[in-house]
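Quick notes on the structure that follows.
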Amino acid sequence: MSEHSQKVKRRQHPGARRGRARATPKGRQVDPAARDAVRALLENRPRQRDLLIEYLHLIQDAHGALSAAHLAALADEMRLPMAEVYEVATFYAHFDVVVDGDPPPPVTIRVCDSLSCELQGAQALFGALAETADPQRVRVARAPCMGRCDTAPVAEVGHHHVDHARVETVMAAADAGHVHPQIPDYEDYAAYVEDGGYQLLRSCLDGERELDAIIEALDESGLRGLGGAGFPTGRKWQIVRGYQGPRLMAVNADEGEVGTFKDRHYLERSPHRFLEGVLVAAWAVEAQAVYIYLRDEYPAVREILLEEIAALRESGLTAHTEVHLRRGAGAYICGEESSMIESIEGKRGLPRHRPPYVAEVGLFGRPTLVQNVETMYWVRDIVEKGAQWFASHGRNGGKGLRSYSVSGRVAEPGVKLAPAGITARELIDEFCGGMQAGHAFKGYLPGGASGGILPASMADLPLEFGALDKYGCFVGSHAVVILSDKDSMKDAALNLMRFFEDESCGQCTPCRVGTEKAVALMSRPQWDAPLLVEVGRVMADASICGLGQAAANPLKSVLEFFPEEHS
């Protein structure tokens with residue numbers, strides 16, 4: 001046999017080089033005990049690929065972490081490559097993957113370090129908790145915005161939130177074993193129906209309502225997507241209906257934008273007003289199934305929705321569509337619609353390249369209607385009270401009502417239902433009781449972390465879609481954070497850039513590297529303005545999705561509107 005033939009033979013029969021066949025398959029072997037444990041948790045649930053994240057949550061909730069043995073057993077049970085399961089588990093911040101070493105302590109305390117909480121002393125709280133807690137029993141970790149900016153600073157013990165947190169109250173919750181969410185009082189199914197709820201949906205399902213009339217009402221009212229993009233709702237329904245079915249619907253309840261908490265506000269109070277809007281939208285586009293994607297930072301909302309969706313199924317009001325509740329796992333990027341769809345499918349939340357857009361090729365490759373929580377909340381009122389009722393509200397050219405999440409240095413933070421187009425100064429004076437004692441208005445974020453920072457001298461601009469574009473800012477999800485003369489705009493921008501650095505999915509180089517470089521440059525005592533402008537321009541021009549494209553907005557705002565702070 002020639003030398004070449006011998007090499008070919010060895011490549012074809014690798015076991016022959018060792019003189020015997022491999023005793024086990026390549027890779028990590030499945031531990032029988034881990035397999036039994038995983039099977040016991042999954043029970044008779046379907047082994048569908050899109051349920052991977054749900055099953056990772058089941059394991060973590062039961063065992064406090066995801067061991068290599070459990071990941072291997074889950075991969076084997078779902079007939080997935082181990083690498084695929086591992087990459088999904090390690091992508092999301094709320095999964096603790098333990099390959100080698102000890103699992104985390106039984107109790108985790110997370111301290112929100114986003115802007116509103118930092119303004120109220122989150123850094124000092126984190127340091128004091130780290131010194132106080134027994135590391136054998138309690139882990140203290142930083143966390144991005146938890147959607148409770150009006151009660152800053154906030155900590156989370158397990159799944160139990162502590163508002164206006166102090167070391168004593170947080171440690172008391174940990175010592176008492178308060179790790180489960182507190183369920184607030186809310187309007188349940190029976191109370192909602194008694195108040196006239198679901199009459200609109202029933203009339204749609206019974207053929208008493210014309211679809212065109214409902215879409216016309218939404219158009220005339222000016223209702224738009226209130227998650228950030230502001231796309232006209234009625235037009236979106238028409239676009240999705242125009243694509244050949246079967247069609248699906250996804251609801252984005254992953255409001256991770258810094259300073260935003262309006263969706264939680266409504267879901268914790270009147271979940272059925274939201275759910276009725278969802279079911280009407282599903283009827284309108286003939287969606288075979290609806291997937292509600294809820295951020296994991298809202299455990300109380302999850303318990304409420306599980307209970308109330310079950311009540312809806314029992315009532316028969318979901319016969320025209322299937323309603324699924326999917327749990328996020330700590331990834332801001334999944335607020336971007338294509339990333340959310342990837343996550344619902346059980347994958348890493350990496351943004352898709354567009355086109356095609358999700359309205360045409362969305363969830364599981366089907367045309368998909370994507371809507372925000374607050375948008376769906378207004379559907380019933382607009383149809384029942386009339387388009388003019390909603391459209392009659394507004395100031396400074398705005399049309400409709402808006403739910404502004406207001407936090408920071410105001411006397412009365414919270415969700416403020418106000419006319420669209422209201423100004424920041426009007427919000428502070430009319431809805432928030434003015435500034436906190438001892439603080440003078442200096443600047444504000446008109447639209448969360450992505451929306452830029454404007455000075456108080458520009459506080460008479462309308463907080464409405466498109467009104468701030470010329471200044472490099474936008475209202476987005478209407479998250480307004482108020483800053484005072486006690487605050488550094490440089491420090492605020494650095495806090496926001498650190499958030500983007502931590503939350504970048506890493507898929508594209510401009511965002512992954514750009515946010516890291518920007519944080520390093522902004523951490524210096526003296527800013528290199530030309531270099532920072534260049535970094536921001538590259539991120540805006542070349543990033544795949546809105547995270548990288550908007551990450552430099554606060555930085556650019558400080559350079560333009562607060563030159564005295566960086567020169």
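The values are calculated or read from the model by the stated rules, or taken from the named source; none is laboratory data. Treat the numbers as computed from the prediction; the structure is a model and nothing was measured. Counting neighbours? That spans all protein chains shown, and the Cβs are built from the backbone with ideal geometry, glycine included. To get the accessible areas, we keep the full protein, side chains included, count just its heavy atoms, and leave off ligands, DNA and RNA. Shrake-Rupley method; radii C 1.70, N 1.55, O 1.52, S 1.80 Å.
Step by step: first the residues of the range 336-379, then only those that are acidic (D, E) and assigned to a loop (DSSP other than H, G, I, E, B), then the one that is most open to solvent (accessible area, probe 1.4 Å). Which residue is that? Per the criteria, the residue is E360.
The conditions of being open to solvent by less than 10 Å² (accessible area, probe 1.4 Å), under 30 Å from L211 (Cβ atoms) and at pLDDT 95 or above are not met by V258. Here R380 qualifies as in contact with a Leu (Cβ under 6 Å, 6 or more places away or on another chain), in contact (Cβ under 8 Å) with a residue 60 or more places away in the chain and closer than 26 Å to V251 by Cα. Against the list (1) buried (at least 22 other Cβ atoms within 10 Å of the Cβ); (2) closer than 22 Å to H164 by Cα, the condition E503 fails is (2).
Using beta carbons and a limit of 7 Å, which pairs, at least six apart or on different chains, have the first residue in the range 155-173 and open to solvent by 30 Å² or more (accessible area, probe 1.4 Å) and at pLDDT 95 or above and the second one hydroxyl-bearing (S, T, Y) and in a helix (DSSP H, G or I)? Within 7 Å, the pairs are D163/T151; H164/T151; V167/T132. Condition check for I183 on (1) open to solvent by less than 10 Å² (accessible area, probe 1.4 Å); (2) of a type in the set (A, V, I, L, M, F, W, C); (3) within 23 Å of the chain's Cα centre (by Cα): one failure, at (1). The helices (runs of 4 or more DSSP H) found entirely in the range 190-250 that carry 2 or more residues being closer than 24 Å to R326 by Cβ, β-branched (V, I, T) and open to solvent by less than 70 Å² (accessible area, probe 1.4 Å) are 233-241. Among the residues here, K517 qualifies as farther than 19 Å from P563 by Cβ, out of contact with any strand residue (DSSP E or B) (no Cβ under 7 Å at 6 or more places or on another chain) and open to solvent by 30 Å² or more (accessible area, probe 1.4 Å).
Between residues in the range 332-347 that are in contact (Cβ under 8 Å) with a residue 40 or more places away in the chain and closer than 20 Å to G259 by Cα and residues that are β-branched (V, I, T) and surrounded by fewer than 24 Cβ atoms within 10 Å (Cβ to Cβ), which pairs lie under 8 Å by C-beta distance while being six or more apart or on different chains? Here the result reads E337/V358, each pair linking the range 332-347 to a residue that is β-branched (V, I, T) and surrounded by fewer than 24 Cβ atoms within 10 Å (Cβ to Cβ).
Here G408 passes the criteria (1) open to solvent by 50 Å² or more (accessible area, probe 1.4 Å); (2) of a type outside the set (A, V, I, L, M); (3) in contact with a helix residue (DSSP H, G or I) (Cβ under 8 Å, 6 or more places away or on another chain); (4) closer than 20 Å to V475 by Cα except the one numbered (1). For D263, the test of being in contact (Cβ under 8 Å) with a residue 40 or more places away in the chain, acidic (D, E) and farther than 20 Å from L417 by Cα is failed. Of all residues in the range 351-382, those satisfying the criterion of being among the aliphatic types (A, V, I, L, M) and under 29 Å from S270 (Cα atoms) are V358, A359, L363, L369, V370, V373, M376, V379, I382.
Each row is one residue, and each column tells you yes or no for (1) open to solvent by 30 Å² or more (accessible area, probe 1.4 Å); (2) within 25 Å of G398 (Cα to Cα); (3) modelled with pLDDT under 95.
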position: H439; (1), (2), (3): yes, no, no
position: G466; (1), (2), (3): yes, yes, yes
position: S477; (1), (2), (3): no, yes, yes
position: D487; (1), (2), (3): no, no, no
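In the range 411-442, the residue that is nearest to Y266 (Cα to Cα) out of those that are basic (K, R) and part of a strand (DSSP E or B) is K416. What do you reckon, is M539 at pLDDT 95 or above, more than 25 Å from M435 (Cβ to Cβ) and touching a Leu at 6+ places or on another chain (Cβ under 7 Å)? Answer is no for this residue.
With respect to S457, is the statement that it is free of Cβ contacts under 8 Å to residues at least 60 places away in the same chain, of a type in the set (G, A, S), within 30 Å of V285 (Cβ to Cβ) and surrounded by fewer than 19 Cβ atoms within 10 Å (Cβ to Cβ) true? No.
Number of residues in the range 552-567 that are part of a loop (DSSP other than H, G, I, E, B) and over 26 Å from G349 (Cβ atoms): the value is 2. Every test in (1) in a loop (DSSP other than H, G, I, E, B); (2) among the aromatic types (F, W, Y); (3) without any contact (Cβ under 8 Å) to a residue 60 or more places away in the chain is passed by F465 save one, and that test is (3). Summed over the range 305-325, residues that are in a helix (DSSP H, G or I), free of Cβ contacts under 8 Å to residues at least 24 places away in the same chain and either crowded, with 18+ Cβ neighbours inside 10 Å or at positive phi (or both) total 0. Let me confirm something: among A440, A456, A424, which residue is among the hydrophobic types (A, V, I, L, M, F, W, C) and in contact with a Ser or Thr (Cβ under 8 Å, 6 or more places away or on another chain)? Just a single option satisfies the conditions, and that option is A440.
I422 falls short of the stated requirement of being open to solvent by less than 10 Å² (accessible area, probe 1.4 Å), closer than 18 Å to K236 by Cα and more than 25 Å from the chain's Cα centre (by Cα).
Restricting attention to the range 520-533, the residues that are open to solvent by 60 Å² or more (accessible area, probe 1.4 Å) and either in a helix (DSSP H, G or I) or aliphatic (A, V, I, L, M) (or both) add up to 2.
Checking the stated criteria, Q549 turns out to be under 22 Å from the mean Cα position of the chain (by Cα), surrounded by 17 or more Cβ atoms within 10 Å (Cβ to Cβ) and in a helix (DSSP H, G or I). Cβ-Cβ distances below 8 Å connect the following pairs, each with a first residue in the range 428-446 that is more than 10 Å from A459 (Cα to Cα), a second residue that is among the aliphatic types (A, V, I, L, M) and open to solvent by 50 Å² or more (accessible area, probe 1.4 Å), and a separation of six or more residues or different chains: C432/A411; G433/A411; G434/A411; M435/A411; Q436/A411; A437/A411. Scanning the range 534-543 turns up one or more residues that are within 19 Å of G451 (Cβ to Cβ), part of a loop (DSSP other than H, G, I, E, B) and open to solvent by less than 40 Å² (accessible area, probe 1.4 Å). Among residues of the range 130-144 that are closer than 11 Å to C112 by Cα, those with a Cβ under 6 angstrom from a residue that is assigned to a loop (DSSP other than H, G, I, E, B) and of a type in the set (S, T, Y), sequence gap 6+ or separate chain, pair up as P144/S114.
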